[in-house]
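Below is one structure, written out as structure tokens; the observations come after it.
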Amino acid sequence: MAAALPQEVAPSFDEVDRHVLQAFMETPGLAYWAWIGFCFTLVGIGVALWTRQIYEGLGVTGLRQPVMWAVYITNFVFWVGIAHSGTLISAILYLFRTRWRTGVYRAAETMTLFAVLTAGLCPLMHLGRVWFFYWLLPYPNERYLQPDFRSPLVWDAFAVSTYLTISALFLFMGLIPDVANAREHARGWRRIFYAILSLGWQGTDSQWRHFSMAYLLMAGLATPLVLSVHSVVSWDFAMAQLPGWHSTIFAPYFVAGAIFSGVAMVITLLVPMRRLLHLEDVVTPWHFDNLAKVVLLTSLIVTYSYITESFMAWYTGDPIERMTFQMRYFGPYGWLFWLMCFCNCIAPLALFSPRIRLNLKALWVISIFVNIGMWTERFVIIAGSLATNFEPSQWSFFGPSITEIMITVGTFGWFVGLFSLFARFLPIVSMTELKEGIGWLRQALRGQLYE
Amino acid sequence: MSETVELAASFVAEETCAHAIEALREAHVGQSRIFSPMPCHKIQHAIGLPPSPVRAYVLGAGISGVITGLLITIGTSWEWNLVAGGKPIVSWPPFIIICFELMILFGGTTALLTFMLMARVPAFEPTAGYRSRFSGDRFGVVVVCDEQQADMVETILKQVGAEEIMRDAA
């Protein structure tokens with residue numbers, strides 16, 4: 001039996017492997033499968049209602065003139081936003097060699113992939129004739145009809161499909177060395193599965209040489225991509241002349257909001273996952289402390305954007321713009337606006353306190369507030385602005401139907417279900433990168449990095 | 001005629017592994033292959049190879065993505081000259097967005113494909129000298145050399161701090 005390592009050098013590489021491998025190599029219990037069953041039951045209900053919607057038409061939703069974009073588009077913007085933190089943590093912080101990313105980036109990256117998958121479904125749900133979704137893409141056809149590349153919706157189709165492809169490849173590439181490690185410990189079907197997924201990786205000097213360069217370049221490409229995707233999403237609104245949408249600050253405002261909501265979702269998922277999968281020794285309070293600081297910073301940027309947006313509406317002197325914002329604060333959706341302000345601007349201020357940043361229960365509650373606040377923000381911008389357009393005689397306020405509510409719940413079931421499946425069958429924490437930054441992990445476990 | 005042997009040494013730390021590579025390079029013995037559970041700058045530096053050519057392919061792919069974007073946007077706009085909102089048929093600013101996205105798409109996919117091609121994955125046979133721990137918690141140096149040199153190589157590896165050395169016929 002190997003002698004125990006002295007305390008001052010723990011954890012060793014072996015211990016890192018043991019902690020991470022046990023999280024996904026052990027056979028899941030009944031409670032896990034019940035949870036998966038619950039998630040996919042929600043998906044089933046959503047799919048059934050979507051099928052009904054396809055059969056009967058969009059009349060089963062609450063969409064009525066003038067509010068023709070509402071819950072589905074809100075869901076789309078929300079899920080694309082959730083995706084952004086994964087790329088921020090995996091690519092942007094990789095380029096900056098940020099120390100704390102190693103313990104959390106795989107979970108964030110996985111979340112990105114499933115959030116983009118979910119987001120990609122939302123515009124399809126919004127289509128009356130979903131079977132013609134491919135009309136957004138250029139393809140040779142007998143009538144020489146092509147998409148209008150001056151339309152932001154076409155930019156969106158290119159941006160989101162590129163984002164989905166690149167985030168899937170980036171996640172897959174990072175998984176290769178870890179899955180190869182899992183292959184060496186697995187038996188039965190898992191060994192075959194991991195052997196196929198690891199592509200026979202053995203970590204030779206030649207493999208690492210090309211891997212490191214390709215991974216660096218992928219991170220370099222993903223960095224401007226993440227900024228462009230949510231900018232493009234914001235231009236879906238900002239390019240229109242509708243009061244409440246037509247604003248030049250939308251791109252940075254949306255990108256900051258995306259990172260804000262995404263990092264909050266990382267915390268929402270990581271806090272229970274860390275406990276359930278016994279990952280306390282590799283995902284430490286130091287990691288959460290830093291995630292909380294990102295939430296705080298982006299919350300302040302989002303608050304600043306709300307103030308700027310309101311100031312500009314007043315400063316233009318345009319009565320229509322002013323009326324839109326007056327209705328936003330005090331109209332029928334006013335309570336949603338104030339809820340959004342509380343969740344996005346007030347609640348995160350608690351994170352100025354280091355004690356709260358290190359209190360995972362409090363942090364988890366704040367992250368839930370942010371999730372609610374950011375979904376609400378998108379709804380207020382999208383449905384609220386459409387409801388009070390240029391012509392007061394057309395004003396009409398939207399109320400979601402049960403179809404939209406349950407399909408929205410289904411998207412959450414789909415996202416959480418896929419994430420839960422991944423976490424139990426693939427390495428949700430990167431062993432390779434934890435070993436690269438083992439010194440920092442050792443310091444974090446001794447509390448030297450945040451006390 | 002002397003036979004070729006394979007010496008596989010394992011190391012606990014990347015520093016000692018890097019020292020072993022440097023010592024073997026200085027002694028001009030055999031050909032060595034390195035295994036590690038993570039990317040290590042010290043080891044890559046000790047091996048002394050130039051940066052991977054993957055970057056050149058990614059650059060080429062990125063440029064071809066931009067060109068493809070221009071061909072698609074301008075080509076399809078000319079195919080059906082529909083004036084919308086009084087804007088020019090070839091409207092450069094929005095087309096740049098499509099070119100940018102395709103640059104990233106082509107560059108990213110090429111990064112993965114050229115990595116796979118150059119790293120020779122998928123690999124269906126284990127590389128000679130590979131041990132399962134080299135994917136987990138150990139660094140490996142595998143030296144293929146003449147039988148006469150084997151003792152000297154073993155001495156060097158031991159001197160720099162190899163944890164374990166195994167000798168096989170190559």
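Return the residues of region A:215-237 that are under 29 Å from residue A:70 (Cα atoms), touching a residue at least 60 places away in the same chain (Cβ under 8 Å) and more than 7 Å from every other protein chain (Cβ to nearest Cβ); say none if nothing qualifies. Before you say what the answer is, go through the steps one by one.
Taking region A:215-237 and keeping what is under 29 Å from residue A:70 (Cα atoms), we get A:224-237.
From what's left, touching a residue at least 60 places away in the same chain (Cβ under 8 Å): A:225-226, A:228-230, A:232-233, A:235-237.
The answer is A:226, A:229, A:230, A:233, A:235, A:236, A:237.
Determine whether residue A:72 is surrounded by fewer than 20 Cβ atoms within 10 Å (Cβ to Cβ), under 27 Å from the mean Cα position of the chain (by Cα) and more than 14 Å from chain B (Cβ to nearest Cβ). First the steps, then the outcome.
Details: surrounded by fewer than 20 Cβ atoms within 10 Å (Cβ to Cβ): no; under 27 Å from the mean Cα position of the chain (by Cα): yes; more than 14 Å from chain B (Cβ to nearest Cβ): yes.
Answer is no for this residue.
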In region A:98-127, what residues are part of a loop (DSSP other than H, G, I, E, B) and modelled with pLDDT of 90 or more? A:104, A:127
Scanning region A:170-214 residue by residue, those touching a residue at least 40 places away in the same chain (Cβ under 8 Å), buried (at least 21 other Cβ atoms within 10 Å of the Cβ), over 15 Å from residue B:130 (Cα atoms) and within 8 Å of chain B (Cβ to nearest Cβ) turn out to be A:170, A:214
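Out of everything in region A:197-234 that is of a type in the set (A, V, I, L, M, F, W, C) and closer than 17 Å to residue B:49 by Cβ, what residue ends up being nearest to the chain's Cα centre (by Cα)?
If we filter region A:197-234 for residues that are of a type in the set (A, V, I, L, M, F, W, C), which is where we start, we get A:197, A:199, A:201, A:208, A:211, A:213-214, A:216-219, A:221-222, A:225-227, A:229, A:232-233.
When the remaining residues are screened for being closer than 17 Å to residue B:49 by Cβ, the result is A:208, A:211, A:213-214, A:216.
On the way: A:208: 29, A:211: 26, A:213: 26, A:214: 24, A:216: 22 Å.
Step by step, filter region A:197-234, then rank; the result is A:216.
Here is a check on your reading of the model: is residue A:331 surrounded by 15 or more Cβ atoms within 10 Å (Cβ to Cβ), out of contact with any helix residue (DSSP H, G or I) (no Cβ under 6 Å at 6 or more places or on another chain) and either closer than 22 Å to residue A:234 by Cα or at pLDDT below 95 (or both)?
Considered against the rule, which asks whether it is surrounded by 15 or more Cβ atoms within 10 Å (Cβ to Cβ), out of contact with any helix residue (DSSP H, G or I) (no Cβ under 6 Å at 6 or more places or on another chain) and either closer than 22 Å to residue A:234 by Cα or at pLDDT below 95 (or both), residue A:331 comes out as yes.
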Counting only residues in region A:232-252 that are of a type in the set (Ser, Thr, Tyr) and at pLDDT below 95, the one surrounded by the most Cβ atoms within 10 Å (Cβ to Cβ) is identified as A:247
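I need a count of the residues in region B:119-156 that are in a loop (DSSP other than H, G, I, E, B) and not β-branched (Val, Ile, Thr). Give the steps one after another, and end with the answer.
Here is the first cut: in region B:119-156, the ones in a loop (DSSP other than H, G, I, E, B) are B:119-131, B:136-138.
Retained after the next criterion (residues that are not β-branched (Val, Ile, Thr)): B:119-120, B:122-126, B:128-131, B:136-138.
Residues in region B:119-156 being in a loop (DSSP other than H, G, I, E, B) and not β-branched (Val, Ile, Thr): 14 in total.
If the requirement is being without any contact (Cβ under 8 Å) to a residue 60 or more places away in the chain, closer than 30 Å to residue B:23 by Cβ and either facing chain A (nearest Cβ under 7 Å) or not in a helix (DSSP H, G or I) (or both), which of these qualifies: B:51, B:88?
Working: B:88 fails: closer than 30 Å to residue B:23 by Cβ.
Just one listed residue meets the conditions, B:51.
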Could you grab me the full set of residues in region B:98-114 that are at the interface with another protein chain (Cβ under 7 Å from one of its Cβ atoms) and either touching a strand residue (DSSP E or B) at 6+ places or on another chain (Cβ under 6 Å) or aromatic (Phe, Trp, Tyr) (or both)? B:100
Quick one: in region B:115-138, of everything that is under 17 Å from the mean Cα position of the chain (by Cα), buried (at least 16 other Cβ atoms within 10 Å of the Cβ) and farther than 18 Å from residue B:6 by Cα, which residue is farthest from the other protein chains (Cβ to nearest Cβ)? B:116
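The values are calculated or read from the model by the stated rules, or taken from the named source; none is laboratory data. Only a predicted model underlies this, so the values are computations on that prediction, with no experimental measurement involved. For neighbour counting, all protein chains shown are included, and Cβ atoms are generated from backbone atoms with ideal geometry for every residue, glycine included.
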